[in-house]
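For reference, the structure discussed in these notes is given below.
The values are calculated or read from the model by the stated rules, or taken from the named source; none is laboratory data. Small disclaimer: the values here were computed from a predicted structure and weren't measured. In this analysis, Cβ positions are derived from the backbone assuming ideal geometry, glycine residues included, and neighbour counts consider all displayed protein chains. Note: accessible area is taken over every heavy atom of the protein model, side chains too, but ligands, DNA and RNA are not part of it. Shrake-Rupley method; radii C 1.70, N 1.55, O 1.52, S 1.80 Å.
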Amino acid sequence: MKELDSVSLLVDFKNIPAGTTGVIVHEYDGTAFEVEYFNENGNTIDVITTPSNLITLEG
């Protein structure tokens, strides 16, 4: 995974429900990513540092 990839959250994490989509906005050494999560209307919910094992590529 790399910056600007679309991802989906695999499990509930920090009040963001599983299945929520987002975009990687920063990579931390491949073990964690800063992800901007969006609601179903495309509005930003939050930007959270997320471990790489909790997200998967969309599409």
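Among Thr49, Thr56, which is the only one that is surrounded by fewer than 16 Cβ atoms within 10 Å (Cβ to Cβ), part of a strand (DSSP E or B) and in contact with a Ser or Thr (Cβ under 8 Å, 6 or more places away or on another chain)?
Answer to the check: Thr56.
Take the range 1-26 and flag every residue that is open to solvent by 60 Å² or more (accessible area, probe 1.4 Å) and of a type in the set (D, E, K, R).
Lys2, Glu3, Asp12, Lys14
So Asp29 passes all but one of these: (1) open to solvent by less than 70 Å² (accessible area, probe 1.4 Å); (2) among the acidic types (Asp, Glu); (3) out of contact with any strand residue (DSSP E or B) (no Cβ under 9 Å at 6 or more places or on another chain). Which condition number does it fail?
Asp29 satisfies all of (1) open to solvent by less than 70 Å² (accessible area, probe 1.4 Å); (2) among the acidic types (Asp, Glu); (3) out of contact with any strand residue (DSSP E or B) (no Cβ under 9 Å at 6 or more places or on another chain) except (1).
Can we say Val35 is in contact with a Ser or Thr (Cβ under 7 Å, 6 or more places away or on another chain) and without any contact (Cβ under 8 Å) to a residue 24 or more places away in the chain?
Values: in contact with a Ser or Thr (Cβ under 7 Å, 6 or more places away or on another chain): yes; without any contact (Cβ under 8 Å) to a residue 24 or more places away in the chain: no.
No.
Would you mind telling me which numbered condition in (1) open to solvent by 40 Å² or more (accessible area, probe 1.4 Å); (2) in contact with a strand residue (DSSP E or B) (Cβ under 8 Å, 6 or more places away or on another chain); (3) of a type outside the set (Gly, Ala, Ser) Glu40 fails?
Tallying (1) open to solvent by 40 Å² or more (accessible area, probe 1.4 Å); (2) in contact with a strand residue (DSSP E or B) (Cβ under 8 Å, 6 or more places away or on another chain); (3) of a type outside the set (Gly, Ala, Ser), Glu40 fails exactly one: (2).
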